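The values are calculated or read from the model by the stated rules, or taken from the named source; none is laboratory data. Only a predicted model underlies this, so the values are computations on that prediction, with no experimental measurement involved. As a convention, Cβ positions derive from the backbone with ideal geometry for all residues, glycine included, and neighbour counts pool all protein chains shown.
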Amino acid sequence: MNEKLIIAVDAMGGENSPKKIIEAISDIIKNDDQLFFNIFGNINLLKPNIEKKKIPKNRYEIFDSQENITDDESPLQAAKKGNKSSMWQAIESVKNNKSHIALSAGNTGALLILSKMILNMIEGIDKPALAGLWPNKKGMNVVLDLGANIECNQKNLVDFSLMGSSLYKSLFPDDIPKVAILNVGSEEIKGHDIVKEAYQVLKNKKNKEFEFKGYVEGNNMVSGDVNVIVTDGFTGNIALKTAEGTVDLVTSELKKSLNSNIYSKILTFLNYINFKKFKDSLDPRKYNGAIFLGVNGPVVKSHGSTDSLGFAYSIKMCKKIITNNLMEKIKKNLN
């Protein structure tokens, strides 16, 4: 077996945990002999699920946690639990070099605050960014920030560009990151002062690690002409939720139309393969997993409501991040 890649998993975060977490780990290791899991959570809940899935003992280690952080707890409440929580212990495992990366489907605000407290920030970075995947017509986008920061200044947007391009290169090493700032127009004179200042800095920056493509408007985010899209967390989160709602609307209305009468049902049957491809291409589980960029250690956030398949995709993201040395790429870009 190749050198072990160790993922620290907060097994208590998110809906239907730890069941879905263990199912995802079980499915992943069937086709991957490189991954090892440090699993943090209530041992009395973890053991029965692990035994049911018959996960080999040489593929994991359980760390019993007395506390777990719920979705309705504030970051301050989560911090007060200290190192007794499964989330804290998973992140601390990265700090202590016991794991290469931490993964949780738990409380986003708590995960961000604990990551900053335990791992600290990368030198020179003022704010972390939550970066996620977003499909486009030619492949995939990295979009950031998706909600970690309501307000950002010019330096933050430049930092996000450097870190986002590093993430893209780690996930898709054969492609060139093409960075753009989300704006109300594509012309250089458009937008408020912060995006204009960031534009000028990136325009004049000689960085061979990515191409700066200027501005991108909301309707062109999925064109594929750019693949790293930078904005503040307020705008990014609204854009994300709008896209998710639009996908839900399109798929539900299409399903309703395809089952409206006998002729539609026959057409659906005859085009089953094409409709399945369409549905699969918009399946949000395949794009599950967002990473906090800027903290001095990789931490990935899985969607709390996803199922075992979605969590498995976030595990795959973790492996790419480790294998392609994301942290080294970020620090190189910043320098």
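Regarding N42, is this residue within 24 Å of I113 (Cα to Cα), in contact with a Pro (Cβ under 8 Å, 6 or more places away or on another chain), without any contact (Cβ under 8 Å) to a residue 60 or more places away in the chain and in the same structural domain as L111 (by TED's automatic domain parsing)?
Details: within 24 Å of I113 (Cα to Cα): yes; in contact with a Pro (Cβ under 8 Å, 6 or more places away or on another chain): yes; without any contact (Cβ under 8 Å) to a residue 60 or more places away in the chain: yes; in the same structural domain as L111 (by TED's automatic domain parsing): yes.
Yes.
Could you pull out the residue among I69, I91 that is in contact (Cβ under 8 Å) with a residue 60 or more places away in the chain and closer than 20 Å to G109 by Cα?
I91
Of the numbered conditions (1) closer than 23 Å to G139 by Cα; (2) surrounded by fewer than 18 Cβ atoms within 10 Å (Cβ to Cβ); (3) assigned by TED's automatic domain parsing to the domain that holds A8, G310 fails exactly one; give the number of that condition.
(2)
Output the residue which, of all residues in region 286-307 that are among the charged types (D, E, K, R) and either outside any strand (DSSP E or B) or outside the structural domain of W88 (by TED's automatic domain parsing) (or both), is farthest from the chain's Cα centre (by Cα).
Result: D307.
Of the conditions (1) over 14 Å from L167 (Cβ atoms); (2) surrounded by fewer than 21 Cβ atoms within 10 Å (Cβ to Cβ); (3) hydrophobic (A, V, I, L, M, F, W, C), M327 fails just one. Which one is it?
Going through (1) over 14 Å from L167 (Cβ atoms); (2) surrounded by fewer than 21 Cβ atoms within 10 Å (Cβ to Cβ); (3) hydrophobic (A, V, I, L, M, F, W, C) one by one, M327 breaks only (1).
Find all pairs meeting these conditions: Cβ atoms under 7 angstrom apart; at least six residues apart or on different chains; first residue within region 122-140 and on the phi > 0 side of the Ramachandran plot; second residue modelled with pLDDT under 90.
G124/L334
Taking the stated definitions as given, is V158 over 24 Å from the mean Cα position of the chain (by Cα), over 25 Å from I322 (Cβ atoms) and of a type outside the set (D, E)?
no
Which number in (1) more than 18 Å from T323 (Cα to Cα); (2) in contact (Cβ under 8 Å) with a residue 40 or more places away in the chain marks the one condition that Q34 misses?
In the conditions (1) more than 18 Å from T323 (Cα to Cα); (2) in contact (Cβ under 8 Å) with a residue 40 or more places away in the chain, Q34 misses (1) alone.
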